[in-house]
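Notes follow once the structure below has been shown.
The values are calculated or read from the model by the stated rules, or taken from the named source; none is laboratory data. It should be emphasised that the depicted structure is a prediction, and the values quoted were computed from it without experimental measurement. A quick note on method: Cβ atoms are made from the backbone with ideal geometry, for glycine too, and the neighbour counts reach across all protein chains shown.
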Amino acid sequence: MGIYNKLIIFFVSVLISEITISRPISWSGGSTFMYKSNSMISSYYYHFSPSYKYSLGVEYINDRYFNNQYVSLKSTYLLGRSNTKFSQGNLYFTGGLSTKSSKEYYYGIHGDWETRRWFTSFSQLDKNTSTHDYTEREIQLGFAPYLGEYDELHSWIMLKTKKDTINDNWQTYPFLKFFKGDYLMEIGTKDSHWDFHYMIRF
């Protein structure tokens, strides 16, 4: 499916949706489907949240860098949450194990803090494969150019910087985030490659 078809599906979807929360864990009993694609990988991911504290899921990954395709069993656990009148912060532990080999797995930590106007996040993932071990680090910063109401389309202008120990250099690029209801989309470009993320909760 081309990028324009994905954009059309997204904007049709936001017209009929109600609420979204950009979190790796859904509400208790909730499910999430995600699609991600960038210069290194593309993936399809489904997870179920028995509790708001953790999620369990399965992900199909096409690793373009290592020319490898596999299925990963994943889990994310909420280590802590801070709620104030004007902001919310979260800290998560996450891990995954490939069904292809016990030597292929990852684990890491990520967190976020946001107000209605500002958003920041970080992550560090240690990835082990049968041929190479490496670490990925990522930082995001964004702001909302307008403050939408609860049921309106929300937009964010974001800046992402990331580094992995394979390439060993930081890469920084802008992207846009949109969400409304149960739907979220992020889109940007890096090194002439689309960086795309689509999510739906149900």
Next item on the list: Check Val71 against each of (1) more than 16 Å from the chain's Cα centre (by Cα); (2) more than 25 Å from Ser31 (Cβ to Cβ) and name the one condition it does not meet.
Entry: (2)
Notebook entry, point to check: Checking Ser39 against (1) touching a residue at least 24 places away in the same chain (Cβ under 8 Å); (2) assigned to a strand (DSSP E or B), which test does it fail?
Noted result: (2)
Notebook entry, point to check: Can you tell me which residues in region 85-103 are more than 17 Å from the chain's Cα centre (by Cα), small (Gly, Ala, Ser) and either surrounded by 15 or more Cβ atoms within 10 Å (Cβ to Cβ) or over 20 Å from Pro24 (Cα atoms) (or both)?
Noted result: Ser98, Ser101, Ser102
Next item on the list: Among residues belonging to region 50-68 that are hydroxyl-bearing (Ser, Thr, Tyr) and buried (at least 16 other Cβ atoms within 10 Å of the Cβ), point out the one that is nearest to the chain's Cα centre (by Cα).
Entry: Ser55
Checklist line | Residue count, region 122-142 (criterion: farther than 16 Å from Tyr173 by Cβ and touching a Ser or Thr at 6+ places or on another chain (Cβ under 8 Å)) | finding: 7
Check: Does region 141-158 include one or more residues that are modelled with pLDDT under 95 and in contact with a Leu (Cβ under 6 Å, 6 or more places away or on another chain)?
Finding: no
Checklist line | Residue selected from region 148-182 under the condition surrounded by 17 or more Cβ atoms within 10 Å (Cβ to Cβ) and among the hydrophobic types (A, V, I, L, M, F, W, C), by the criterion nearest to Ser123 (Cα to Cα) | finding: Met158
Check: Could you count how many residues in region 83-113 are free of Cβ contacts under 8 Å to residues at least 24 places away in the same chain and among the polar types (S, T, N, Q)?
Finding: 3
Check: Residues in region 104-147 that are aliphatic (A, V, I, L, M), surrounded by fewer than 17 Cβ atoms within 10 Å (Cβ to Cβ) and within 15 Å of Ser75 (Cα to Cα): how many?
Finding: 1
Next item on the list: Can you confirm whether region 185-192 contains a residue that is exposed (fewer than 14 other Cβ atoms within 10 Å of the Cβ) and either under 24 Å from Ser72 (Cα atoms) or in contact with a Ser or Thr (Cβ under 7 Å, 6 or more places away or on another chain) (or both)?
Entry: yes
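Yes/no per residue for (1) out of contact with any Pro (no Cβ under 7 Å at 6 or more places or on another chain); (2) of a type in the set (Asp, Glu); (3) under 21 Å from His197 (Cβ atoms):
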{"site": "Gly95", "(1), (2), (3)": "yes, no, yes"}
{"site": "Ser101", "(1), (2), (3)": "yes, no, no"}
{"site": "Gly111", "(1), (2), (3)": "yes, no, yes"}
{"site": "Arg116", "(1), (2), (3)": "yes, no, no"}
{"site": "Ser123", "(1), (2), (3)": "yes, no, yes"}
{"site": "Glu136", "(1), (2), (3)": "yes, yes, yes"}
{"site": "Asn167", "(1), (2), (3)": "yes, no, yes"}
{"site": "Tyr173", "(1), (2), (3)": "yes, no, yes"}
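Residue by residue through region 173-197, note down the ones that are under 15 Å from Leu153 (Cα atoms) and assigned to a strand (DSSP E or B).
We begin by selecting, within region 173-197, every residue under 15 Å from Leu153 (Cα atoms); these are 176-186.
Those that are under 15 Å from Leu153 (Cα atoms) and assigned to a strand (DSSP E or B): Leu176, Lys177, Phe178, Phe179, Lys180, Tyr183, Leu184, Met185, Glu186.
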